[in-house]
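For reference, the structure discussed in these notes is given below.
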Amino acid sequence: MNLIRSAAAAAAALLLAACQQSETNTVAPEGAGPPEAQIAPILETPEAKDAATYARPLEARVYHVALDLNVDFDAKRIGGTAALDIDRKPDAKEIILDDKGLEIESITDGSNEPLEYKVGAADPKLGSPLAVTLRPDTRRLIIKYKSAPDAGALQWLTPEQTAGKKKPYLFSQGQAIENRSWIPTQDSPGIRQSWEATIHVPAGLTAVMSAPKSAEPITQGGESVFSYKMPHSVAPYMIAIGVGDLAFKSLGPRTGVWTEPVMLDRAASELEDTEKMVAAAEKLYGPYRWGRYDLLVLPPAAPYGGMENPTLTFLTPTFIAGDKSLVGLVAHELAHSWSGNLVTNSNWADSWLNEGVTSYFENRIMEAIYGPKRAAQEASLSFDEMEKALAEEHNGPNTQLHLGPKEGVPDGGSGGIIYDKGAVFLRTLEKIIGREKWDAYLRSYFDRHAFQPMTSARFLADIRENLIKGDKTLEAKLQLDNWVYKPGLPSNVARPDPVAFASVDRAVRAFAAGGPPPSAFSGWTTAEKLRFLNKLPRKMAKARLDALNKALKLNETGNNEVLFAWLDLAMRNRFDPAVPALEKFLTSQGRRKFVQPLIETLAEDKEWGRPIAVRVYKVARASYHPITQRDLDKLKLGG
Ligand code: BES
Ligand code: ZN
């Protein structure tokens, strides 16, 4: 493989690229130094600083990454070169990158003289600082390296772990701070970088990435080569790759789905409303700025429900229920194309700016496509999740939207605060301000801050400047600071419409009082089924669970959210007849949101549950993502 193009060719290509781009971005002609205006700014205020990076971007920062990488399934390594364009203070002596377990062979600045570098002590979460000594004229680093076989961002699947069973599979999960395990760059959401990649894979496999394709794939001499280029500057956690036996089906003019051939038809029919969702999202909050919106439906081992990789959302196949009842997930990841990908939390203490704003936006898309009844039910479920989280934390310091430094780096775990309280905050603002005015404001917010980092302080300042405009009564009504910086629930909270679940709640009371299982259950919406199962008393007699299971066929449900809610209840009550369904669930998919709480509940029950947890984890562990393994290994189940 040709790792490094000649300097002259590279300069010509960059110049051409710079001329072709209309949007502001960070590609600059080599040697001339980057035009300042084209580099996404770093926020300099203290609250914007990211505690989860070693980088010191105000001294020297990366603004473009060019990868040329080979995917080696036998060694479980990705390796090759990363060429980093950097912007620096003239007197900067070094640049600090993030590194988690990379094997570095050499670093140069394009000349033959190697640059000195030092890998610092490794922190188990953050990895190591990679300090590269700069010469006065260094503007580019060329790093030859390989990822480690246990890179946290990468999940390598054997053919048996795929749906088609014939070819291996690889996918990455960068958020929050995992990409440093396969890309040597400054891995911080406030240090935006444009990027491009040339990827070499064994012939017969397809590589897809979170960027537009920049050349047609070439297959030659046993390998296929794929090229992608992201012209916008993005947070580095948004660089993502998937490699496998992949097929594509168009869903609409701008949308389509990639997945294994045997999954394609099922995935495409579940996703048939995607094109409509993009249009609905644009109508709400402004243009979709990324070109195409495609989805990659992963093998069942995927650790997250979804990941909003730009131009190519990654999805768990567990959202496929056959009736589109779980496509809120798609609306959510799509909404991140605005909240998260366009306007990005500058550091992970302000995750709610990504996830809370997105959860609100998700619900608005659902309302636009499926109507107010479904949206109100889903919003009400989300409110329940928030209340559960507030209760678990006793309204303590972990219930603020803006997290303190001790809370660490959110990894998509407990969602009740940053997702659900975040969404409730925005719903409260909408209710007080009025939908029309609020929507106009939010649309203008995305325009004003497109392709920039955001902090809580900046968001509140933006609301004050553009919406409140000195209106003291409105300022008092909104309680902005209470929502963002105080624990618990402010008094102005907009509560969900109780009508949304009135009949289900009656059914809960009737069953809890000893009545028969609700006969209408099979005709209920998924949200209604979830509300019913979640609101039942946590302690129930075996005979009652038996009656429920028999009448509602819970062990056999094909809806994974309903199955999870049922198994949670069943395991808390040592309900043996649900154990086979549980074992099947835990060994046939790896979504952490499902897997982790069930295994934890079992592990806590020393006599009955723990032996089941040990038995299942022994079989299932190898198929889980490294992140999930790491968390579950803490339970010391062995296996
Ligand atoms: N961006 C998140 C996933 C994430 C968050 C990964 C933090 C790592 C760290 C994604 O958009 C997400 O929120 N996924 C949810 C689904 C959503 C509908 C609540 C999930 O995976 O369950
Ligand atoms: Zn999200």
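Couple of notes before you dig in:
- The chain, accessible area per residue, ligands and nucleic acids excluded (1.4 Å, Å²): 40
- Accessible surface of the chain, 1.4 Å probe, proportion on carbon and sulfur as whole %: 54
- More than 28 Å apart - percent of Cα-Cα pairs taken over the range 41-193: 22
- Extension gain for Lys431 to Val262 (0.36 nm times residue separation, less C-alpha to C-alpha distance): 56.3 nm.
- Listed residues Ala211, Pro577, Asn354: farthest to the positive end of the dipole of the chain (Cβ charges): Pro577
- Once the Cα gyration tensor of the chain is diagonalised, semi-axes √(5λ) in Å: 41, 30, 23
- Divide the volume of the convex hull around the Cα atoms of the range 436-584 by the residue count and you get 196 Å³ per residue.
- Over 30 Å apart at the Cα level, from the set Lys437/Lys593; Lys166/Lys636; Lys89/Lys229, are Lys437/Lys593; Lys166/Lys636.
- Simple label model, 7 Å out from Cα along Cβ direction - Ala622 to Ser214, nm: 3.9
- Ordered by solvent-accessible area of protein heavy atoms (1.4 Å probe), largest first, the residues Val71, Val619 come out as Val619, Val71.
- Estimated translational D of the range 300-415 in µm²/s (Stokes, Kirkwood radius over Cα pairs; 25 °C; 0.890 mPa s): 161
- GluC sites (Glu not before Pro) lying in DSSP loop within the range 331-431, provided at most 10 other Cβ fall within 10 Å: none
- For the pair Lys118 and Lys165, a Förster radius of 35 Å applied to the C-beta separation gives a FRET efficiency near 0.20, rounded to the nearest 0.05.
- GluC sites (Glu not before Pro) within the range 564-639, DSSP loop, no more than 14 other Cβ atoms inside 10 Å: Glu607
- Rounded to the nearest 20, the Cβ-based charge dipole of the chain about its Cα centre (Lys and Arg +1, Asp and Glu -1) stands at 1620 debye.
- Sequence of Lys529, Lys421 from largest to smallest accessible area, 1.4 Å probe: Lys529, Lys421
- Cα gyration tensor category, rounded, prolate or oblate, for the range 258-315 with a/c compared to 1.5: prolate
- Using only alpha carbons, the range 140-261 has a radius of gyration to Kirkwood radius ratio (Rg to Rh) of 0.96.
- Estimated from the Cβ-Cβ distance and a Förster radius of 35 angstrom, the FRET efficiency linking Lys634 and Arg495 is about 0.45.
- For the chain, the membrane-span-like helix rule (DSSP H, alpha carbon extent of at least 24 Å along the helix axis, mean Kyte-Doolittle at least -0.5) picks out 351-370; this says nothing about an actual membrane.
- Using R0 = 60 Å, the C-beta based FRET efficiency linking Thr601 and Thr473 works out to 0.80.
- Accessible surface comparison of Ser194, Ser269, probe 1.4 Å, protein chains only, largest first: the order is Ser269, Ser194.
- Per residue, the average separation of C-alpha pairs within less than 8 Å and at least 6 apart gives the chain a relative contact order of 11 percent.
- Using every pair of separate Cα atoms, the Kirkwood estimate puts the hydrodynamic radius of the range 223-344 at 14.7 angstrom.
- Candidates per trypsin sites (Lys or Arg not before Pro) in the range 40-133, loop by DSSP, up to 11 other Cβ within 10 Å: none
The values are calculated or read from the model by the stated rules, or taken from the named source; none is laboratory data. Here the structure is a predicted model, which means the values were calculated and not measured. Don't worry about glycine lacking a Cβ; one is built from the backbone with ideal geometry, like all the others, and counts go over all protein chains shown. These area figures cover heavy atoms from the full protein model, side chains too; ligands, DNA and RNA do not enter into them. Shrake-Rupley method; radii C 1.70, N 1.55, O 1.52, S 1.80 Å.
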